[in-house]
Every structure is written in C-alpha cells, then in structure tokens.
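Asks: Supplied in structure tokens, the structure appears directly below.
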Amino acid sequence: MEHCAHCGDLCSEETVYHDDLSFCCNGCKTVYELLHENDLSYYYEMERTPGVSPREFEHKFDFLDNESIVDKLLEFKDGHTSVVSFLIPSIHCSSCIWVLENLNKLQPAVQASQVNFPEKTIRITFNSERVSLKNLVKLLSRIGYEPYISLEDSDKKERRINRSLIYKLGVAGFAFGNVMFLSFPEYFDVKEFWLDRFAPMFRWLMFAYSVPVVFYAAQDYFISAFKGLRSKILNIDVPIALGILVLFVRSTIDIVFDWGTGFFDSLTGLVFFLLVGKFFQQKTYSYLSFERDYKSYFPIAVTRLFKNEEGDQTEEQVEVYEIQKGDRILIRNNELLPVDAILIRGNALIDYSFVTGESELVSRNSGDKLFAGGKQQAGILEVEVLKPVEQSYLTQLWSNEIFDVDRQSAFQSFTDSISKRFTIAILAIAIIATLFWMLYDPTKAFNVFTAVLIVACPCAIALSAPFTLGNILRIFGRMRFYVKEAQVIERMAAVDAVVFDKTGTLTTGTGSNMTYEGVALTKDEEELLTSTLRASNHPLSRSLYDMLKDHDIKTLDSFEELAGKGITASADEQLIKVGSYQFVSEGKKGNDKISDIDNRTAVHISSNNLYKGCYVFQNRYREGLTALLSKLSKEKKLVVLSGDNDGERDRLMQLVPAGTAMYFNQKPEDKLNFIHKMQENGNRVMMVGDGLNDAGALKQSDIGVAIAENVNIFSPACDAILDASMFGRLADFFQLSKTGMRIIRWSFVLSLIYNLIGLGFAVTGHLAPVVAAILMPLSSISIVVFTTIATRYFGSRIN
C-alpha cells in the first residue's frame, strides 16, 4: 500500500494522485499544491513526508468573529499591527519550523512569524486590516498546523520568570572572586611594604564585598532558618545560617580589632557554592505545564441561540464564561460540552472517557441531562444550560480542598531529617570545646567556639542533595520523564504503592484489537456489512469499517441509523442490522445462545433477522505492561482504579501480577478517597493517570504522574509528565531514584570526614583562615564531583 507524499500515512482506496505522487486525502494534496505555488517546496527537501494531514474545520473557528474573544487572544494591537501566539501541537521537525517562519509567502499580511520549538508555539505579527485572525487560523489549519485554542487562553497571564536566584548567584560569585584575589597576600604571608601598608584597606574591601553576600545573596537561608525555628523545626538551613552569621561576625571582629584577615573568603565561597547547588537543582521545563485544570481542556467559545428583533432564531459566538442558566447552545460533532445541560433536540452520543474513564459511548434522548466534559460524536445537538461553566459537575472537582494543600511543605526531606541531630551535635561540640578552653586557656575560648561553628557548617551536606537530584532530574528529562522539581525524586524513592488508571494509562490511546464471535459471515454478508458501516458516522462503526474496508462496496437500497441503537440497511433483497444486541435481536430467528450479558464493547450483527454474532473490541494494552508490573510488584503494592466497567477484568487479570487489586466504575471522587484511605493506612502512593477524571487522585497522591501521548497537549495537574512511549521504563525510574538517595547518603559520609578533619583543627585552636579556605571549597568541590560521576554512572546503566 502506498504512503502519502505529504504526511506519510498509508493511503486507502480513496488515494488521490497528483504530479505522479500519492496523497491520502484531498487536504494533503491541497497543502502540497499550496506550498509549491508559493515557492515553498523546499519544505519537502528538509524532511521526508514532514506534513500533517489537515482536518475539517468548518464552523470550528467561527468564534473568532467575536471581537471581545479576539482581543483576549491578541498579545498586542496598535493600529493595523497585531501580535498573537498559538500553541501548535503538530510542530515536529525542521520542515515545520521552516514553513511556519515563512508564512508571509502564503499570506503577505503576515509581517513576521517566529517558532519556539520546545514549547511548540508560534508568535505571529500581522496586519489586522489585511487579514483577520480567523482567516490566519484557517490558513494554519489548512496547511496542517491547527492551533490549540482553549478556555485557558481567554485569561492568559503574563509569565513571570523569577531571576532572583541568578542575581544572587552573580553577586556571590563576583564577591567570592574578588575576596579570594585580595586574600592571596594573607595566605602566603607576603612581606612587602606596600602590601603591608594597604592590608587594612584590603580587609575592609573584603568586608564591603561580603555585606551584600550576607544580607542579600544569603537572605533565603536566614528566612528559612527563622521559619524553621518558629515552627520548632531544626532544618538544614539552621546550621547553615548559623555558620554564615558566625563567619561574618568573627571576621568583622578580626578586622575591627586588627586580629587578622578573618574568614571572608570562606564566607563568600560558602554562599556561592550553596547557591550553585540551588541553581543546579532548579531544573525547569518551561514548555510544560504541571498545573493545568479544566480550562486547558474546555473550548474558549460556544454557539449560542437567540431570537433577533424579527423573532427569528439566530446564532452568535460567545465566550464560555458568558453562558448562563437557561441559554440555548449548539454542540456540533466532535465538539466538547462545557456546561451541564438538558438535551433539547438531536441525537446525543457522548464520549465521557476523559471525564469518567468510561470508554463506551453514552446515548441520550431529548430531556436527558448531559454533563460538562463530554464530547458529542453524532451530529448537532441543541441543549439548554443548567449551570454556568464555573458551577458544572466537572469544574466542582477543583473545589476539593486537596487542590489547596502544599504537599512539599508536608514532606520532610532526608537532608532535613538529619539536620536536627547534626545541629545538636555541632552545638554540643562547640560548647564542650569552649568550656575546656575557658578552663585551660580562656584567651582561645572564643576563637575555638566560632571555629567549630565555622568549619562544621554543613555546606557539603547541603550540596549533596541538590547536585544528586539535579543530575537525576536531567537524566529523567533525556528519557522523556519530566519531573516538576527535584524533591519529587526524593518522594518517589519512598513510594511503596502504585495506583494505575486503566483507560489511556494501561491502554494505549491509539487503536484497538478486534475479534469476531459467532457464525461466520458469507462473502455477500461481509460486503453488505462493509457498505453499511461506510455510511455511518458512529466511532465504533468507523473503527470496524477501517478493519473491514478491503471488501467490495455495494450500493445500498436503504439505510437508516438510529442513534444509540444501530443501523438497518438492505441491498439485493438482503437485510442487515448492526448495533447493540437488543437492537439486532428484535424479531431474530434461531436459538439464543449468544447474549449480551457482559460489559464488553461490541458491535452485533444480524442478517435477514438471523443473529450471526458480534465483533468484540478490546483495548490495546501498552507494550511491556506485564513485564513492568511484574518488576514493580516485587517491592510495591499495585492497584488498578478504573472509571470503566469491568468488561475486561478477566483479560486484565492475565496481564497483571497475582494479588493486584482492581476496582472498576470508580468516579473521580472515589479515586481520590481511595488514595486518601491508602495514605491513612501508612502507604506512600504514586498515582499514574491521564485524564480529568484522575486530577483529584493525582493531586491527593504523594506523587501524581500524568502519562501523555503528546506532552504538549492537555495533561492534568501533576508532579511529573511521562511520555507514553517510556511507560515501560517506570521501574527503571524508581530504581534510579532509590539509587540517588543512596548516593546522597554516601556523600554525607564523605562530607562528615571533612567535617571531622576540620573539627580537629577547630577544637585545638589551630584553625587558620588558610586552612578553612582550603577545607571548605575542597569538601564542596569533591561532593559535587562525586555526586555527578555517581549519578551519571548509574544513569547510564538504565539508558
């Protein structure tokens, strides 16, 4: 079978030929012609079949006729010049970038266009007098780069980047370099007239450089230490802040009384290395969103019906937020219902899978209630709004108190867990050493007390976790497991239970397996069945047709489709019924051995009122699922929580390890409550899900992982986003996170050795500034080198 010259998809029997090339549809052929006509054929020379097949979009962008909506989407408008940014998920290669940045050749009104490939966004500057935003969006869609416009775009907030850490790091680095330069004569005890004469000035310069380091660059450590003490918690920032304070006070006293040069070099170096560690740990994926809610999924506008002055019913495009109770709105095929409503007219066939997890389509009749988040799959609906978008059943999920809980503050890191004992031990050593020297040689008591606090400052310990977790964060990113922050890795290492959603998580979002059960169909019956399915728009009919379309097509004598029930068709005096068991079995002949008592997704068939059998659709489970769950089950409790029915329980039991708990028909709040109960029983839980129905459970769990076929498209609020292609590597991610915690413990031992050596100098009263200047950076650098080499070594073993 031939492949499309534009998008690379397989061509069906509807293959379109042009210029001796094959195209899967007229849309791809049109894009090909459009690019060639505008001297953009280089697009195909950069990549082989780089295009994306354009989809139908009639009426889809009518909302862009509404000026108030357009104004919210525009970033800038001044006179004729407008600027807009769009998320375009289909950007995937250099050809995409090239053609999008040459939009002016397709539309001269485009003045400039710039693609941000990691974020998959395009920023377009255009003349709004010559081309409307609607026509610009249509152009993008026509060439296969349809913008993703959602309710979230209506109240976009300017993204503010916090650069304070970079500024503080710059101040500390600048001061550290200059203080070290000024300290060299002191290190080597250089006797030179001019150096001796200007030594006091150099010392005060070092003091001046240290002041912004202490009171600006290091302020976060003092704030954190104060908050910890106020909460009666000895976190790791307490000994760090104490060490910085003692270093500054002791050094200031030294230069005021001309006792020596002080420890300003060690002070500025300490703060600099600490900030380097914090900066390294602060790995972010700016092109991903870990805090999405329903706004990223809902449309920005809907079609509202109203009566004009003449009394005729008219359509208008309005923003979703303007919809009120009692309004009548239209929902077209494949459009999402953003509000709870009553069905007035139309054949409702609703896909609620992203909201409930139930994969089977739901049929509803006039007068039935429809819920927000469902996608219509069978023509146009007219509905009456029951509740505005903010009060719908789906949006109420975000009113749960769990969405206001900061799990990070409730989690005590491993570093903080040992800081209490470390701080008490250091203070005890300092006091005991001071008491000894007060009795033996009181002149050394103050120096010993401050020296112990200086040399025991846990700089190396504080660097262990940032550099270890920061390295693992980068390794995970290269393997397409995008973690929100480094502390998530530490929580991940402590997980002892993993809860999986089924639909879209354990199963793939593309394709399904099909088996036939019943009496074999004759060739004529297969041809009639294929012809019947070809005329239907039902998703299951289309899926079945794609699998059977190699059969010859007949011209039907009659065709009738009843929404939610099935199809009746005839040809050459042969009658066929396709649909639910109840529908096809009406007036059937023969025995009743096959019944519809299970919850499987199936298309039943009868021929001339004789029941023949059914095509059973089974979800396609992800590759490596059984192997992954077998690895995880050795150390962790496994649970499957599904909003779907239990039709595939038996099949799933064959794929999961024995003892895996499975629960079906779980509503979103049921999932949240189940995880909360597990936590009350002492479990640390990871939840792996994919849809809005999992949002509460993902937030409630200790770690929420959203699995996504495309990480730039909608994924619910979570702690990490896992590319679906890497699902089978989840056990490796667990292993590396646990290895990371072991590396942190090993580095703690290494830093403790340095502290013991330094304490030997301190308690005996022999800690000279040059010794501190050597020991403190040496311990920090060695920890950085050790953690980096160790994490990269173990990371390479799972790549």
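The values are calculated or read from the model by the stated rules, or taken from the named source; none is laboratory data. Because the structure is predicted, anything quoted here is derived from the model rather than measured. With ideal geometry, Cβ positions are generated from the backbone for all residues, glycine too; neighbour counts draw on all protein chains shown. Areas reflect the complete protein model, heavy atoms only, side chains present, ligands, DNA and RNA absent. Shrake-Rupley method; radii C 1.70, N 1.55, O 1.52, S 1.80 Å.
Asks: Grab the Cα-Cα distance for residue 309 and residue 623, subtract it from 0.36 nm times how many residues apart they are, and report the gain in nm with one decimal.
Replies: Working: separation 314, 0.36 × 314 = 113.04 nm, distance 6.02 nm.
My answer for the length gained is 107.0 nm.
Asks: Looking at this model, which pairs from 60/484; 134/295; 120/387; 29/72; 634/671 are more than 26 angstrom apart at the alpha-carbon? Write down the numbers at each step before the final one.
Replies: Numbers: 60/484 34 Å; 134/295 21 Å; 120/387 34 Å; 29/72 34 Å; 634/671 24 Å.
Over 26 Å Cα-Cα: 60/484; 120/387; 29/72.
Asks: What nm value, rounded to one decimal, do you get for the distance between residue 205 and residue 572 when each label is placed 7 Å out toward the C-beta?
Replies: 10.1
Asks: Continuing with the same structure: So what J values fall out for region 737-749 if you push phi through Karplus, 6.51 cos²θ - 1.76 cosθ + 1.60 with θ = phi - 60°, rounded to Hz, Gly and Pro as x?
Replies: Taking θ as phi minus 60°, the curve returns 5, 5, 5, x, 5, 5, 4, 4, 5, 4, 5, 4, 4 Hz for region 737-749.
Asks: Express in Å², to the nearest 10, the accessible area of residue 555 obtained by rolling a 1.4 Å probe over the protein heavy atoms while all chains stay in place.
Replies: 120
Asks: Between residue 127 and residue 443, what is the FRET efficiency for a Förster distance of 56 Å, r being their Cβ-Cβ separation, to the nearest 0.05? Provide the component values of the computation, followed by the final result.
Replies: Details: r = 81 Å, r/R0 = 1.45.
Result of the calculation: an efficiency of 0.10.
Asks: Follow-up. Under a point spin-label approximation (7 Å from Cα along Cα-to-Cβ), what is the residue 332-residue 665 distance to one decimal in nm?
Replies: Modelled inter-label distance: 3.8 nm.
Asks: A further question on this structure: Determine how large the accessible area of residue 197 is when every protein chain is in place; take a 1.4 Å probe and give Å² rounded to the nearest 10.
Replies: 150
Asks: May I pose another question? Report the extension gain between residue 742 and residue 516 in nm, rounded to one decimal, defined as 0.36 nm multiplied by the number of residues separating them, less their alpha carbon distance. Write down the numbers at each step before the final one.
Replies: Details: separation 226, 0.36 × 226 = 81.36 nm, distance 5.26 nm.
Contour length minus the Cα-Cα distance gives 76.1 nm.
Asks: Using 0.36 nm per residue of separation minus the Cα-Cα distance, give me the extension gain between residue 78 and residue 316 in nm, one decimal.
Replies: Values: separation 238, 0.36 × 238 = 85.68 nm, distance 2.68 nm.
Using 0.36 nm per residue and subtracting the Cα-Cα distance, I get 83.0 nm.
Asks: Still on this structure, please answer the following. Compute the orientation-averaged projected area for region 650-736 from the convex hull of its Cα atoms and round it to one decimal in nm².
Replies: Over every viewing direction, the Cα hull of region 650-736 projects on average to 6.6 nm².
Asks: Please give the peptides 747-759, 442-454, 259-271 ranked by average Cβ packing (other Cβ atoms within 10 Å per residue), highest first, as a rough proxy for protection.
Replies: For the peptides 747-759, 442-454, 259-271, the packing ranking is 259-271, 442-454, 747-759.
Asks: Could you check the spin-label model distance between residue 215 and residue 658? Points 7 Å from the Cα along Cα→Cβ, value in nm.
Replies: Distance between label points: 7.1 nm.
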